[in-house]
Amino acid sequence: MNAQDTLPDDVAALRAALDARTQEVDALRAEIEETNRGVLALYAELDMQAEQLRQATELKSRFLAYMSHEFRTPIVSIQSITRLLMDRVDGPLTPEQEKQVGFVRDTAAEFAEMVNDLLDLARLEAGRVDVSPAWFDMVALFDALRGMFKPVLTNPEVSLIFEAPHGASKLFSDDRKVSQILRNYISNALKFTPSGEVRVSATCETPDTITFSVRDTGIGIPPGSHGEVFQDFVQIDSPLQRRYRGSGLGLALSKRLAELLGGHVGFESEVGVGSRFYVTLPTTFPAGVAGDAGPAGLGGTAATPPAGDRHAG
């Protein structure tokens, strides 16, 4: 057999190999196209589910806002009537009547707090919360909080202590939202501290951040419940919790407000020893944070501190 005889055999072998490879490529192309169609279908399904989730969240927010507004009117009426009764506008009360009216007043106040929490949650989820940063004095903030809680310090065995801020005297942020976070922390600490103290402090741990802490000597939180603390509508089961009703939203709102301000929250707790809840915030509110607060759509208005005040305090 010479070279001329083997040439057709080589061409045929090459053609067969080429045909086999072509079939493999066609099969692979078909498989890729099928996979692409599956991916496109999956993306379409994810988009549809995301839209359904968005609509469900919007409906829930509308429902919460509507119901909260509807509840607010009768609550205000009840509070006004109990105030008139306690002021003896229509005449004196017997000790039993005063006790019952006080019970109604306290219950209405708890109900009003729940409604306010629901409204705040609805606004946050609807992206209708604006951030209005400005320079404010932290000593003045602590003074306002001290005055706010003075009327509710009815337990003589608990002291509320505000330490002088360390490392900075001023903060460029939204003072109302910072105050709301601390009010939630302090309120919780007072509820679950039968005796001892609740101590509020502020420390600049880095040049760019400040950490507010609320430390108590209360009942503490079991380790198994630590992961639930900042979730919506969660209340840790305890004898004191059964005595004090609430919406279970205070800490969840604090977490969202902290994130809205460019910060984060956290806590440490030991059963029988006490808890420390803290929030770490930038000393100067970063422009653009509120507009990029994540999928919940937490919108806001960021401001830039005046150039002459950037290093105040």
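The values are calculated or read from the model by the stated rules, or taken from the named source; none is laboratory data. Predicted model only: the values in this text are computed from it and were never measured. So basically every Cβ, Gly included, is an ideal-geometry build from the backbone, and we count neighbours across all protein chains shown.
Among the candidates V115, V158, single out the residue that is in the same structural domain as L257 (by TED's automatic domain parsing) and either surrounded by 15 or more Cβ atoms within 10 Å (Cβ to Cβ) or without any contact (Cβ under 8 Å) to a residue 24 or more places away in the chain (or both). Talk me through it step by step, then tell me what you get.
Numbers: V115 fails: in the same structural domain as L257 (by TED's automatic domain parsing).
Checking each option against the conditions leaves just V158.
Out of the residues in region 202-217 that are more than 21 Å from the chain's Cα centre (by Cα) and farther than 18 Å from L145 by Cβ, state the one that is modelled with the highest pLDDT.
Only one residue fits best here, namely T217.
Take L124 and decide whether it is modelled with pLDDT of 95 or more, of a type in the set (A, V, I, L, M) and more than 20 Å from T284 (Cα to Cα).
The answer is no for L124.
From the set of residues in region 232-265 that are surrounded by fewer than 20 Cβ atoms within 10 Å (Cβ to Cβ) and at pLDDT 90 or above, which is nearest to R176 (Cα to Cα)?
Here the residue is E259.
Checking the condition at pLDDT 85 or above and farther than 22 Å from S179 by Cβ, which residue from S132, S80 passes? Before the answer, list the steps.
Numbers: S132 fails: farther than 22 Å from S179 by Cβ.
Of S132, S80, the one residue that is at pLDDT 85 or above and farther than 22 Å from S179 by Cβ is S80.
Within region 94-129, track down each residue that is part of a helix (DSSP H, G or I), more than 22 Å from T73 (Cα to Cα) and over 25 Å from the mean Cα position of the chain (by Cα).
P95, E96, Q97, E98, K99
For region 47-63, does any single residue satisfy the condition of being over 30 Å from L257 (Cα atoms) and outside the structural domain of L257 (by TED's automatic domain parsing)?
Step one: list which residues in region 47-63 are over 30 Å from L257 (Cα atoms), which gives none.
No, there is no match, as no residue in region 47-63 is over 30 Å from L257 (Cα atoms) and outside the structural domain of L257 (by TED's automatic domain parsing).
Taking only region 39-93 into account, find how many residues are more than 15 Å from L118 (Cβ to Cβ), of a type in the set (D, E) and assigned to a helix (DSSP H, G or I).
4
Quick check, is L141 under 22 Å from the mean Cα position of the chain (by Cα), outside the structural domain of D216 (by TED's automatic domain parsing) and surrounded by 19 or more Cβ atoms within 10 Å (Cβ to Cβ)? Steps first, please.
Numbers: under 22 Å from the mean Cα position of the chain (by Cα): yes; outside the structural domain of D216 (by TED's automatic domain parsing): no; surrounded by 19 or more Cβ atoms within 10 Å (Cβ to Cβ): yes.
Taking the combined requirement at face value, the residue does not satisfy it.
Let me confirm something: among L59, L64, which residue is of a type outside the set (K, R), within 30 Å of R123 (Cβ to Cβ) and modelled with pLDDT under 75?
On the way: L59 fails: modelled with pLDDT under 75.
When all the criteria are applied, what remains is L64.
Residues that are over 19 Å from T283 (Cα atoms): which strands (runs of 3 or more DSSP E) entirely in region 130-218 hold 1 or more of them?
Working: elements: 134-137, 158-162, 170-173, 196-206, 209-216.
Those strands (runs of 3 or more DSSP E) span 158-162, 196-206, 209-216.
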